[in-house]
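Written below as structure tokens is the structure these notes are about.
Just so it is clear, none of the values below were taken in a lab; they were calculated from the coordinates. What you see is a predicted model; the values in this text were computed from it and never measured. Here Cβ is always computed from backbone atoms with ideal geometry, including for glycine, and neighbour counts include all displayed protein chains.
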Amino acid sequence: MFDYLIIGGGSAGCVLAGRLSEDPGVTVALLEAGPADRSVLIHCPAGLAAMAKFGLLGWGLHTVPQAGLNGRCGYQPRGKVLGGSSSLNAMVYTRGFPADYDFWAAQGNPGWSYAELLPYFKKAEHNERGADDFHGVGGPLNVMDLRSPNRFGELFVQAGEQAGCPRNVDFNGASQEGVGPYQVTHKNGERCSAAKAYVTPNLSRPNLKVFTGALTTRILLDGKRAVGVEYLHEGQTRRLKCRREVLLSAGAIQSPQILMLSGIGPREHLLAHQIASVHHLPGVGQHLHDHIDMVQVVDAPRAKDLFGVSPEGAWRMLKGIFEWRKQRSGMLTTNFAEAGGFIKSDPAAAIPDLQLHFVIGKLINHGRTTALGHGYSCHVCLLQPQSRGSVRLSSKDPQALPLVDPAFFREPDDMARMVRGFKLMRHILQQPALAQFGGRELAATAKAQTDDEIAQTIRNLADTIYHPVGSCRMGPGAMDVVDAELRAHGLQGLRVVDASIMPRIVSGNTNAPVIMIAEKAADLIKQDARRA
């Protein structure tokens, strides 16, 4: 028997485990379906390339066929390991815009405005640049500038300036617009995942128990109260009970799946899968949305200091391995997406609606396709897509993967803005700072020149940049799943704490916001416990 049961050892779950177990008077169990985070590919920042290429430590998820992608099934990598996707991601630390959170609050969610959430961002953070009005020191999550940046990141920033974009040295400061280097969640030349920040330092706490290889099959209910969790471990069904709360932090794909497997969700859908409807909550699995993304790849054979497959590249990689093992510095401390920016598809827009990630290598098919030679790539993603999709069960078997439908480009405006974004990205990459290397855009995109040709190429090649949100939306409405304290509507002892609760996606990478959500949730939970 534990006081709190946390389902999912990803970014949010790790924060909850670390924060709630600070109180020696409570007991906390964290259940993670994947293994412990022991792989060197996790801890070495550049290891993310190998994990992506070979699909390591993930769930193997894909979308259902997407009409907006010409019938293709999109890739949906989600971490299945302690630390979740924070153990696999590109470690970019961005928070989104203040307007994102003010929108959340305006939808009937008191306490979720930017001014109210900034203290939680700062509480989580130890920024090696130091504390200021926007940043904190002393928090568990280490944030820093890249230890050994590649010179092409700065060249990209210069190209952006040549194209008319302002330089921005802090995307999480007073303004988000412009181009600049990204800060990363690293520490001493290694990845600083949520697990390493919040769980690893606290494993010796007697009141914290971490279960790995524990696949949650359903939440146990006594009437309308969550009282425990059923899970599979080494082929055996086991149960854990809790005194206070079940905290569901399995992410925007698995959290709605687990709710529906537990009989919580749209009644008709559950009955269609022979699952008894315990609590009709029609919004579960609805409102899924994601950042759709398009990559332009440039072949630059003269730029041998970029990552690439060549004799020179192999020799640099070998030296890099030895340097990282000995000093935790050098080329293997890269996160690949070293620089980027936030730009507007329409100059009249109030805030940027596009994000750029500049990659110091040729990125094809999420890095799963080997690209010979040297070059660089740039992503452009749509920060505020209008399209909304869903997560649905494929089976009542908890080991069956759910049906993921982000409905990419269902809304025509999403494509119109992506076309403009692709042209802006291409314009930046054609500026003198990068053009001096004589790079050539790969034929897959270079042949697209008219708006119609660019749109068709986007449908052929675009995919997620790994930010699904919204499938257990926070709000007071009939199609919302949790209230402003993240408690499931109509139930007791159950909260959802992860990216699924976002009323609308943030304008940037989602890892830092998810950590913030969990920091706030931990305070809400502690406040409730004190009132009880």
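Placing +1 at every Lys and Arg Cβ and -1 at every Asp and Glu Cβ, with all other atoms neutral, what dipole size does region 161-261 have around its Cα centre, in debye to the nearest 20?
Values: 14 positive and 8 negative charges, 150 e Å.
Its charge dipole is roughly 720 debye.
Toward the positive end of the charge dipole of the chain, with +1 on the Cβ of Lys and Arg and -1 on the Cβ of Asp and Glu, the farthest Cα among 91, 297, 395 is that of 395.
Bridgeable aspartates and glutamates around residue 423 (alpha carbons under 17 Å apart, same-chain partners fewer than 8 residues away excluded): 161, 293, 346, 353, 413, 414, 441, 451, 452, 453.
Counting only residues at least eight positions apart within a chain, or on another chain, the aspartates and glutamates with an alpha carbon under 18 Å from that of residue 526 are 3, 22, 23, 116, 245, 483, 485, 498.
Kindly flag which residue pairs out of 123/520; 123/196; 224/520; 80/224 have an alpha-carbon separation exceeding 20 Å in this structure. The partial results should precede the final answer.
Numbers: 123/520 10 Å; 123/196 16 Å; 224/520 25 Å; 80/224 30 Å.
From 123/520; 123/196; 224/520; 80/224, over 20 Å: 224/520; 80/224.
Comparing 284, 256, 246 along the charge dipole axis of region 238-285, the residue lying farthest to the positive side is 246, per the Cβ-charge model. As a proxy for reagent exposure, ranking 258, 351, 454, 515 by other Cβ atoms within 10 Å from fewest up yields 351, 454, 258, 515. Look at the dipole of the chain built from charges on Cβ: of 103, 336, 427, the Cα furthest out on the positive end belongs to 336.
For region 415-480, a crude dipole built from +1 on the beta carbon of Lys and Arg and -1 on the beta carbon of Asp and Glu, taken about the Cα centre, is about 120 debye to the nearest 20.
List the trypsin sites (Lys or Arg not before Pro) in region 181-260 that DSSP assigns to loop (not H, G, I, E or B) and whose Cβ has at most 15 other Cβ atoms within 10 Å. Which are they?
224
Values (1) 220; (2) 138; (3) 228 are given for comparison; volume of the Cα convex hull per residue in Å³, derived from the coordinates here, is the one labelled (2).
Could you work out the local net charge near residue 516, counting Lys and Arg as +1, Asp and Glu as -1, over the other residues with Cβ closer than 10 Å to its Cβ? Around residue 516, the charge tally is +2. For residue 304, a cut-off of 23 angstrom between C-alpha atoms picks up these lysines, skipping any fewer than 8 places away in its own chain: 53, 319, 362.
About its Cα centre, how strong a charge dipole does the chain have in debye, to the nearest 20, once Lys and Arg get +1 and Asp and Glu get -1 at the Cβ?
Details: 56 positive and 49 negative charges, 276 e Å.
Computed charge dipole of the chain: roughly 1320 debye.
Using only the C-alpha atoms, the convex hull of region 40-151 corresponds to 190 Å³ per residue.
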